[in-house]
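Comments concern the structure below.
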Amino acid sequence: MKLIVSLAAIATCLSLNAAMGQAAAPDLKGCESLKDQNDRINACTGIVEDAAGAPEDRAKALLNRGQAYQAKGENDRAILDFDQALRLAPGSAEALLYRGLSYSNKLDQDSAIQDY
């Protein structure tokens, strides 16, 4: 009987650990689709900071986080994210477009035109 109880306890711990690991994994869908900009920034930051994550996922997260910063009027922070996205995905038309918009928002038309 003690063996059965011990095995049940071990199985419960293993399933809890697996569930916790899944819940902690960064979520690219949330990063792309959350409506609240702060929630979106937080979701994207988890992916950006995941060193084991795929570079293309990190580039998408940087792009999405940059767009959230841009929506909040934080164009300098947005430009930093678009710069990092371009390092991971050189020539990304989306990153260039949104970085150009951020430069335009800052009234830096020369930089905006270079990105466009």
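The values are calculated or read from the model by the stated rules, or taken from the named source; none is laboratory data. Keep in mind the model is a prediction, meaning the values are calculated, not measured. Positions of Cβ are backbone-derived with ideal geometry, glycine not excepted, and every protein chain shown enters the neighbour counts. When the accessible area is computed, the model is the full protein with side chains, heavy atoms only, and any ligands, DNA or RNA have been set aside. Shrake-Rupley method; radii C 1.70, N 1.55, O 1.52, S 1.80 Å.
Structure notes:
- Being out of contact with any strand residue (DSSP E or B) (no Cβ under 9 Å at 6 or more places or on another chain) and open to solvent by 80 Å² or more (accessible area, probe 1.4 Å) is a property that does not hold for Tyr98.
- Pick from region 60-83, criterion in contact with a Lys or Arg (Cβ under 8 Å, 6 or more places away or on another chain) and aliphatic (A, V, I, L, M), ranking: farthest from Ala95 (Cα to Cα): Ala68
- Any pair with Cβ under 8 angstrom, 6 or more apart, that starts in region 103-116 at a residue that is among the β-branched types (Val, Ile, Thr) and ends at one that is in a helix (DSSP H, G or I) and surrounded by 15 or more Cβ atoms within 10 Å (Cβ to Cβ): Ile113/Gly100
- In region 101-116, the residue that is most open to solvent (accessible area, probe 1.4 Å) out of those that are hydrophobic (A, V, I, L, M, F, W, C) and more than 17 Å from Leu80 (Cβ to Cβ) is Leu107.
- Residue count for region 62-114 satisfying the condition of being part of a helix (DSSP H, G or I), over 20 Å from Ala51 (Cα atoms) and of a type outside the set (Gly, Ala, Ser): 19.
- Of the residues making up region 76-95, those that are modelled with pLDDT under 95 and crowded, with 24+ Cβ neighbours inside 10 Å number 0.
- Contacts under 9 angstrom Cβ, first residue in region 76-91 being under 13 Å from Glu56 (Cα atoms) and of a type in the set (Lys, Arg), partner open to solvent by less than 70 Å² (accessible area, probe 1.4 Å) and not in a helix (DSSP H, G or I), 6 or more apart: none
- Subset of region 39-75 [among the aliphatic types (A, V, I, L, M) and surrounded by fewer than 16 Cβ atoms within 10 Å (Cβ to Cβ)]: Ala51, Ala52, Ala54, Ala71
- Note on region 5-59: residues that are more than 26 Å from Pro90 (Cβ to Cβ), modelled with pLDDT of 85 or more and not in a helix (DSSP H, G or I) amount to 3.
- Residue match in region 81-89 (condition: of a type in the set (Asp, Glu) and closer than 18 Å to Lys29 by Cβ): no
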